[in-house]
Structure formats: structure tokens, C-alpha cells
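Structure first, commentary second.
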Amino acid sequence: MQSLKELYKIVNGPSSSHTSGPKRAAEKFKSLHPDADRFKVILYGSLAKTGKGHLTDYIIKETLKGSKVEVLFDTKFRCDVHPNTFDIFAYKKGELIDMWRVYSIGGGSYRVEGEPKLAAKQVYKQKSFMQIRRYCESNNMDLFDYVCEVEGKEETIRFLTEIWKTMEEAILRGLNTTGVLPGRLKLQRKAKEVYEKKPVLNDENANKIRLLSSYAYAVGEENASGGIIVTAPTCGASGVVPAALYYMKQKYKIPDEKIIKALAVAGVIGNVVKTNASVSGAECGCQAEIGTACSMAAGAVAYLLGLSLERIDNSAEVAMEHHLGLTCDPVYGYVQIPCIERNAVAAVRAIDAALLSSMITEDNRVTFDMVVETMYETGKDLSTHYRETSEGGLAKKYCNNKFQI
Ligand code: SF4
């Protein structure tokens, strides 16, 4: 597994695979060709179909500006390697000097054709959650100790402190901003309204849903506006982990030092999915994004509740299992409907999954690793209509005017 720094990235929204990944690849390519006077980029697959709504062409032009830049959308070519594929060409005085085929593999990471799949440095020896569990149990350590052993304690705390600060800032900005989100949906921001709403039921559960949802909306709306957020594991699903942890912090007065440890736990869970399956909606549907975020948050909450490694495994499993098959069908290609609300629902589910797991402590038949493998296979079986192409599901139905309000 790679460093947690490859999972948690501080980026501008709205999409890790459609904006962050292409941006990072274009930056690197440009740095290798400082003397190029023209760049051409051809977007394929999901990038071509929903790139406009996700601002892919905008971010590429911004990154490469200073030279002439042309961005083309090829919706016909289907790449068998990855649905988020693009070609980037550099020219000097009319001559082609280099080209890359790039796969934006999710969470802001990318791979250049010809590079081995796991070219990025693998810093963790263990690959599966069970291997990690066994290692921690036999060395009498928790998941935070495990991350510190591999990545260094001081550096882990420094890095995760910065990540947590960015997550909290996104929540607070989102809660204090009103107005309309960018794009043709003209959606009103709702985080502040939800936060200030008096629930129809005056009980603790309704209040929990109000708070968790408002935090998740806050980050989701910041993301949809191109604001700074943390990929956890992606931009589209970036509200789930911060919402769950911020709620736990506020409700139970948990110090930041402990929240940072929980972030390490969530990071290990996200890393297991990224290593053994996918966190890309274009590759495996929303189960890979929101499902993974829910598992990360559930595991982190279980850790904060003082549950064992076995229960953390189970909490993450429960969270993912009930997202299996979840499709990715963003309306008009914007990371807004259903994405923002989905973050809120998943944040609530994450806490419920950890609590449920704390109550069922015997005879679990399904492990987290098993459900991750299932998610990957299910994702591969999903029609491309349901993998970030906006060709099916809600995206298609919404365009049928008869259903619009
Ligand atoms: S539906 Fe899910 S996977 Fe698709 S863009 Fe929205 S958050 Fe990402």
C-alpha cells in the first residue's frame, strides 16, 4: 500500500478523477516540456462524457496556460484499460515532441501508459485488512501505531493535523456560505439551512441527523464550488469522513489529537480499497467512492468508540456492504445531484454502522476484505451507464422534463 499522503490530498473540487488527476498529470507533463509552445489534450470515456460538468477542460487549460492549448472530447473511443483516459501531446514549432496516454485512476492519482500499475512507492508491506489486523494484533499495536511505524510518528501527526485542519475549515466555510452552486442546475446551497433548521422531531436522533448532514453538505457544497477540500477518498465523497469526525468531536468533546488518530484508521481502510479494488466512480460506480468513504468513517468512529480491531474491520464491512451496487449517475455531470446528499446519508450510516457493529459481536461471516473484493467485481459488472458517464440512472431520468419539479 502507498503512503496515506497518496490517499488524503488537499485539492480544489469538484472531482478527484476529473480535475485533480488530470491537473496533476498535466502539471508533470508541462514541467518535462518547458519549451513546448502548444499542447493538445484528447479526453476519452467518462472524462469526455462528464468532463464539462466536472470542469476537466477548464482545469487542463488553466494548468497549461502560457502555451496554446486545445482540449478535445472524444466520446466514441472506449479505452479497455480505464474509463478515465486522456492523451496529452506537446509540440514545439509544429513538431510533436512527446505524448502521454494518462489514466486518471481515482482520488487524484494518475498513471501513465507504460508505467507498471503499482509504480507509485509501496510503503506498507501488508495489502489486505486481515494482514494488517494480524500484524497489529501480534505486535500489540493499534492502527495509528501501525501508520506511525511505517510513515514516522512525527511526520504522521504533522501531516494528519494539516489534513484535519483543512477538513474543519471546509466544514466551517460551507456552513457559513449561502447562494447558488456553479453550473446549470442552479442548486441552492443548503448546509447553513440544514444546520439552523429545527427538526420536526425534537429528539437526539433527529438532531444527530441534522448536524451530520449539515457538515456533510458543507463540504460537498465547497467541493461543488471548486473550494479546497481533502480527498477522502475522492472529491465527490469528501464530506463523509469530516462530517462523522466533526460530529464525534463536538458531541463527545474529543480532542484533536484523538481525531487525528482516527483519521489514520480511516486512511488505512481507504488505502486497502484503493490497493485491492478502486475508489473511482468511473471504474466501479459510487459504491467505490461513497461506499469507501462510509467504510473509512465507520472504522474511524469505531476507533473513537474504543472498539477492537476486529470490530473496526466489521464496522468498515457493514458500511461498505450496504452500498454494494450503488451507481454513479451525476445529473448533467456535476458533482451535485445525487453526490452532495449522498455524503450526508453516508455520514449518518457510518455512525450507525459502527454502533451496530458494537452490538453484534459474534458469528460475523463477511470480512472487510471480502466485501471490498465483492465491490470491485460488482463495479466491473455495472453497465458503463452507471459509471460516471451520466448516461443512465438519475442523470438520464432528470433530463426527462416530465419528472422535473
Ligand atoms: S454519484 Fe458518487 S461516484 Fe458519481 S460523481 Fe457523485 S459522488 Fe462521485
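If I model a spin label as a point 7 Å beyond the Cα along the Cα-Cβ vector, how far apart are those points for THR384 and ASN400 in nm?
Computed distance between label sites THR384 and ASN400 equals 2.3 nm.
Can you list the residues, at least 5 places off or on another chain, whose amide H is less than 5 Å from the amide H of ILE337, using H built in the peptide plane?
VAL331
Under a Cβ-Cβ limit of 4.7 Å, which cysteines in the chain have nobody to pair with?
CYS79, CYS136, CYS148, CYS235, CYS284, CYS294, CYS339, CYS399
Taking every DSSP beta bridge with both residues inside the chain, roughly what % is antiparallel (nearest 5)?
DSSP beta bridges in the chain are roughly 70 percent antiparallel.
With Cβ to Cβ distances under 13 Å as the rule, what net charge do the other residues near THR361 carry (K, R +1; D, E -1)?
-3
With θ taken as phi - 60° and the coefficients 6.51, -1.76 and 1.60, list the Karplus ³J(HN,Hα) couplings across the stretch 203-209 in order, rounded to whole Hz; mark glycine and proline as x.
Karplus-based 3J(HN,Hα) across the stretch 203-209 equals 9, 5, 5, 4, 5, 4, 5 Hz.
For LYS192, list the lysines whose Cα falls under 29 Å from its own Cα; do not include residues on the same chain fewer than 8 positions away.
LYS192 reaches LYS9, LYS52, LYS165, LYS208, LYS249, LYS251, LYS253, LYS258, LYS261, LYS397.
Restricting to DSSP loop positions (anything but H, G, I, E, B) with no more than 16 other Cβ atoms inside 10 Å of their own Cβ, which trypsin sites (Lys or Arg not before Pro) remain in the stretch 344-380?
In loop regions of the stretch 344-380 (DSSP not H, G, I, E or B), the sparsely surrounded trypsin sites (Lys or Arg not before Pro) are ARG365.
When only C-alpha pairs under 8 Å and at least 6 residues apart count, what is the relative contact order of the chain, in percent?
Reported as a whole number, the value is 19 percent.
If you scale each eigenvalue of the Cα gyration tensor by 5 and take the root, what three semi-axes come out for the chain, rounded to whole angstrom and sorted largest first?
That gives 33, 25, 20 Å for the three semi-axes.
Just add up the charged neighbours of ASP35: K/R +1, D/E -1, any other residue whose Cβ is under 13 Å from the Cβ of ASP35.
+1
What do you get for chymotrypsin sites (Phe, Trp or Tyr not before Pro) in the stretch 63-131 restricted to DSSP loop and a cutoff of at most 12 other Cβ within 10 Å of the site's Cβ?
Here the chymotrypsin sites (Phe, Trp or Tyr not before Pro) that fit, given the DSSP loop and packing criteria, are PHE77.
Where the Cα atoms of the stretch 14-112 are projected onto their three principal axes, how long is each span, largest first, in whole Å?
Taking max minus min along each principal axis of the Cα atoms, the stretch 14-112 gives 32, 25, 21 Å.
List the trypsin sites (Lys or Arg not before Pro) within the stretch 111-196 that DSSP assigns to loop and that have no more than 15 neighbouring Cβ atoms inside 10 Å.
Details: sites: ARG111, LYS117, LYS121, LYS125, LYS127, ARG133, ARG134, LYS153, ARG158, LYS165, ARG173, ARG184, LYS186, ARG189, LYS190, LYS192; in loops: LYS117, LYS121, LYS125, LYS127, ARG184, LYS186, ARG189, LYS190.
Passing both the DSSP loop test and the Cβ count: LYS117, LYS121, LYS125, LYS127, ARG184, LYS186.
Using alpha carbons only, how many degrees (0 to 90, rounded to 10) separate the axis of helix 21-32 from the longest principal axis of the chain?
Helix 21-32 sits roughly 50 degrees off the main axis of the chain.
Mind listing the long-range amide H neighbours of ILE105? Cut-off is under 5 Å, sequence gap 5 or more, other chains count too, H placed in the peptide plane at 1.01 Å from N.
Amide H neighbours of ILE105: TYR110, ARG111.
Spin-label point model (7 Å from Cα, Cβ direction): what's the VAL81 to ASN207 distance in nm?
The answer from the label model is 5.4 nm.
Read-outs throughout are calculated quantities, based only on the coordinates presented, and are distinct from any laboratory measurement. Fair warning: this is a prediction, and the values are worked out from it, not measured in the lab. No Cβ is skipped: glycine too gets one built from the backbone with ideal geometry, and neighbour counts run over all protein chains shown.
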